[in-house]
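Remarks on the structure that follows.
The values are calculated or read from the model by the stated rules, or taken from the named source; none is laboratory data. Being a predicted model, the structure only gives us computed values, none of them experimental. Ideal geometry is used to build each Cβ from the backbone, glycine not excepted, and the neighbour counts take in all protein chains shown. Surface areas here come from the heavy atoms of the whole protein model, side chains and all, with no ligands, DNA or RNA. Shrake-Rupley method; radii C 1.70, N 1.55, O 1.52, S 1.80 Å.
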Amino acid sequence: MGYDPQNPMADRITDIGPPHYEEQMPPVIRANFGKWMYHEITQPGVLVHVSETGAECYTVRVGSARLISIELIREMCDVADKHCDGHLRFTTRNNVEFMVDSKAKVQPLLDDLASREGRFPVGGTGAGVTNIVHTQGWIHCHTPATDASGVVKAVMDEVFEHFISMEMPAQVRIALACCLNMCGAVHASDIAILGVHRKPPMIDHDAITGLCELPLAIASCPLGAIKPAKATNEKGEEVKSVQVNAAKCMFCGNCYTMCPAMPLADPEGDGIAILVGGKVSNAKSAPKFSKLVIPFLPNTTPRWPETTAVVKKIIEVYSKDAHKYERVGEWAERIGWEKFFEKCDIPFTIKSIDDYRLAYTTWRTTTQFKFTSHIK
Amino acid sequence: MPKHDTPLLDELEKGPWPSFVTDIKRQAATKPECWDILGQLELSFKDRITHWKHGGIVGVFGYGGGIVGRYSDVPDRFPGVAHFHTVRLNQPSGMYYSTSKLRAICSLWEKYGSGMTNMHGSTGDLVLLGTTTPNLEPLFYELTHDLNQDLGGSGSNLRTPSCCLGKSRCEWSCVDTQALCYSLTMRYQDEIHRPAFPYKFKFKFSGCPNDCVASIARSDLSVIGTWRDDIRIDQDAVKKYVSGDYKANAGAHGTRDWGKFSINKEVINLCPTKCMWMEGETLKIDNAECTRCMHCINVMPRALRPGLDQGATVLVGAKAPILDGAQFATMIVPFMKMDAENDFQEIVDFIENLWDWWMEHGKNRERVGESIQRVGLPTFLKVLNIEPLPQHIREPRSNPYVFWESEEVEGGFDRDVREFRKRHKQ
């Protein structure tokens, strides 16, 4: 019996959870669970893990667009059926990994991937740029300030040579979130591409009473910029609504999330901010937040040339200047942020001086600084 | 035949990175609604604004999470995406798939959805992108009955827990992150599927301080594997790194010539605690000074391994900026054993204490990290009955404004001002 629309609760199964993870692991992974001794990256995109049993697992890492079709997943399955006994995995950065249990199986796998018209680029390992973690953007989200898949495609094209090589001082993690909700958590990335709004919300007095709970809309503002107010709708009726103190608005969009009658997206208002120097790993230095170095770049579709140029420039200067093992943020802290702006040719603006909560901790309270071209 | 012209999107078919536009066009051959996905996205590229309406609550009976409603604001022009709901499937821990299972998911999505997916969403779910309201129940029926799979979380609930690949393919994992993730996912199915929290709550589990799943940056409860005893050293392997027989950093710098490996420059001098040194050809570590950052182990994986007394550090309260600004998780429990034998009871007790407090005191749309900010870390430690430790802070407070309570001060706060005036005239 299949689903019966007349009796939707019949035979209902709920809360069974995900499949057990062991079910779908490749045999070499299951057999050596917890026994791995060490790993090496034999060439960009190819890892070998060696077990204390002597077994080896070779992994070929392949970039993907994250937004992918079932047609493409089926092609991935074809590759895995042919070379990997019907198993594959995905990484947290949206790469695909094909695993084989002997060195002899690696080259045929690589050759097969290479024959598929660029759909399966091998790379994303070690001291390079791996896949960009990102959000939905215009393809599926109702609050974005920029697109996601399109910007990522444009940026990855630009930095592709660093995906297929390992010539950076350390790994460079790029992430994109299409609004300040940051479903992609870009706030701790070497280079963060962040969609931002710049206009306060409009108020749809015709719709607000039916769509929104006004106290929730008012409470949603972290800065208290929204107040209750009477307004006149299109029919000339006086309705209960809200007003926005634009001077207090920081364009976070939380009011729109809570109240659809307060849209703030705008073709000219919206665009991209660039933040750099974040990291998640505890290795050497503590995890760091990404810092805002460019407050706004326009949404120049279809390829966001302003954004791609900045990302490329930062990567190139960092690559030339940083020490081995130094992450972007560690490098910027060593040379000083004033030097970072100078070396990367990024104009310093007042928008990079923090004026939000706890801003004081980011102001300089020492006479130690470097003279750069900023000081005339 | 393309249903819409997409001159802007066609530009994204150029360049070496795989093109989602080319992929969607290929899919449109069998799923014609994909033309409408492209058509509406092209319009967004032209208008530079989204064309998805705000919200829309849909789901399957009995669940409050797992499906996100989405409707086009131009349905007349793009009827194929008039409804375009997201279905979140709870991914297997470590994101390993058999092709038979993946193909079954593809067939299900061919039948009931647009044919487009995210592999995977940022939280970890396998995301099926774009279906209609009438398709939800039959899809859910076949998902559970035929595929033995379930939905993940959305809304103010426990979001789908996720983990790094742990011991399955990593030599550094101090915790079986997959077992832990699976066990807690199964235990808390109700919290995943039925929103009852002030706001979202995320679990993420990383096997070591490299934190490949970014738990310290984006999970309300971050569990990061670590060890209490000494780093294991293979001195012969150390010599092979020094002599150049083994590639430093597991070969991660392989395509650039950085010169000969220097253990002083690349390991010892980069150690944040300076707790390592060479005595002749022998590497020494003062383990009592080590903060287990992983750098030396990352650089010499064949010579150094985490110790054997393994467990995890538990941190609480990470989140992205909305609302009160970005927060990393705060270290709360320095070391906790993660014991599969007793179903991870110690962390379960910790979670349930934490939830009891947060569900009572957290405000609407307040992440637990923001609740902690509001009441202060000392209050949070008190309510969780956790002894304060110097490990909880980066440095002691520099302001002297200490909150004393009446019972902590001899004689209490009650005093008589008239008695005071007898000795001290106005």
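Tabulated data
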{"read-out": "Condition met for B:Gln91 (within 9 Å of another protein chain (Cβ to nearest Cβ) and either surrounded by fewer than 23 Cβ atoms within 10 Å (Cβ to Cβ) or outside any loop (DSSP other than H, G, I, E, B) (or both))", "value": "no"}
{"read-out": "Complete set of residues in the stretch B:301-317 that are part of a loop (DSSP other than H, G, I, E, B), open to solvent by 40 Å² or more (accessible area, probe 1.4 Å) and under 17 Å from B:Cys170 (Cβ atoms)", "value": "B:Arg302, B:Leu308"}
{"read-out": "Selected residue [more than 24 Å from A:Asp266 (Cα to Cα), at pLDDT 95 or above and open to solvent by less than 60 Å² (accessible area, probe 1.4 Å)] from B:Gly64, B:Gly39, B:Gly80", "value": "B:Gly80"}
{"read-out": "Hits in the stretch B:96-107 - residues which are at the interface with chain A (Cβ under 9 Å from one of its Cβ atoms) and surrounded by fewer than 24 Cβ atoms within 10 Å (Cβ to Cβ)", "value": "B:Ser98, B:Thr99, B:Ser100, B:Lys101, B:Leu102, B:Arg103, B:Ile105, B:Cys106, B:Ser107"}
{"read-out": "Helices (runs of 4 or more DSSP H) contained entirely in the stretch B:322-426, each with at least 3 residues that are open to solvent by 80 Å² or more (accessible area, probe 1.4 Å)", "value": "B:345-361, B:417-423"}
{"read-out": "Per-region count, the stretch A:1-50, residues more than 30 Å from B:Glu137 (Cβ to Cβ) and either at the interface with chain B (Cβ under 9 Å from one of its Cβ atoms) or in contact (Cβ under 8 Å) with a residue 60 or more places away in the chain (or both)", "value": "25"}
{"read-out": "Residues within the stretch B:46-62 that are aromatic (Phe, Trp, Tyr) and either outside any loop (DSSP other than H, G, I, E, B) or more than 7 Å from chain A (Cβ to nearest Cβ) (or both), tallied", "value": "1"}
{"read-out": "Residues of the stretch B:242-287 classified as more than 14 Å from chain A (Cβ to nearest Cβ) and either surrounded by 14 or more Cβ atoms within 10 Å (Cβ to Cβ) or without any contact (Cβ under 8 Å) to a residue 12 or more places away in the chain (or both), total", "value": "11"}
{"read-out": "Given (1) within 19 Å of B:Gly207 (Cα to Cα); (2) open to solvent by 20 Å² or more (accessible area, probe 1.4 Å); (3) part of a loop (DSSP other than H, G, I, E, B), number of the condition B:Asn298 does not satisfy", "value": "(3)"}
{"read-out": "In the stretch B:140-156, residue nearest to B:Ser206 (Cα to Cα) [restricted to those that are modelled with pLDDT under 95 and of a type in the set (S, T, N, Q)]", "value": "B:Ser154"}
{"read-out": "Failed item, numbered, when B:Ala196 is tested on (1) at the interface with chain A (Cβ under 10 Å from one of its Cβ atoms); (2) assigned to a loop (DSSP other than H, G, I, E, B)", "value": "(1)"}
{"read-out": "Strands (runs of 3 or more DSSP E) wholly inside the stretch A:124-234 containing at least 2 residues that are closer than 24 Å to A:Phe90 by Cα", "value": "A:174-177, A:191-196"}
{"read-out": "Those residues of the stretch B:206-241 which are within 8 Å of chain A (Cβ to nearest Cβ), assigned to a helix (DSSP H, G or I) and among the charged types (D, E, K, R), in sequence order", "value": "B:Arg218"}
{"read-out": "Boolean, A:Glu326 is closer than 18 Å to A:Ser189 by Cβ, open to solvent by 70 Å² or more (accessible area, probe 1.4 Å) and either within 14 Å of chain B (Cβ to nearest Cβ) or out of contact with any Pro (no Cβ under 6 Å at 6 or more places or on another chain) (or both)", "value": "no"}
{"read-out": "Those residues of the stretch A:251-262 which are aliphatic (A, V, I, L, M) and either at pLDDT 95 or above or open to solvent by less than 30 Å² (accessible area, probe 1.4 Å) (or both), in sequence order", "value": "A:Ala261, A:Met262"}
{"read-out": "Residues (more than 19 Å from A:Arg30 (Cβ to Cβ), within 9 Å of another protein chain (Cβ to nearest Cβ) and open to solvent by 30 Å² or more (accessible area, probe 1.4 Å)) located in the stretch A:56-92", "value": "A:Glu71, A:Arg74, A:Asp78, A:Thr92"}
{"read-out": "Tally of residues being open to solvent by 10 Å² or more (accessible area, probe 1.4 Å) and either within 8 Å of another protein chain (Cβ to nearest Cβ) or over 18 Å from the mean Cα position of the chain (by Cα) (or both) across the stretch B:147-161", "value": "2"}
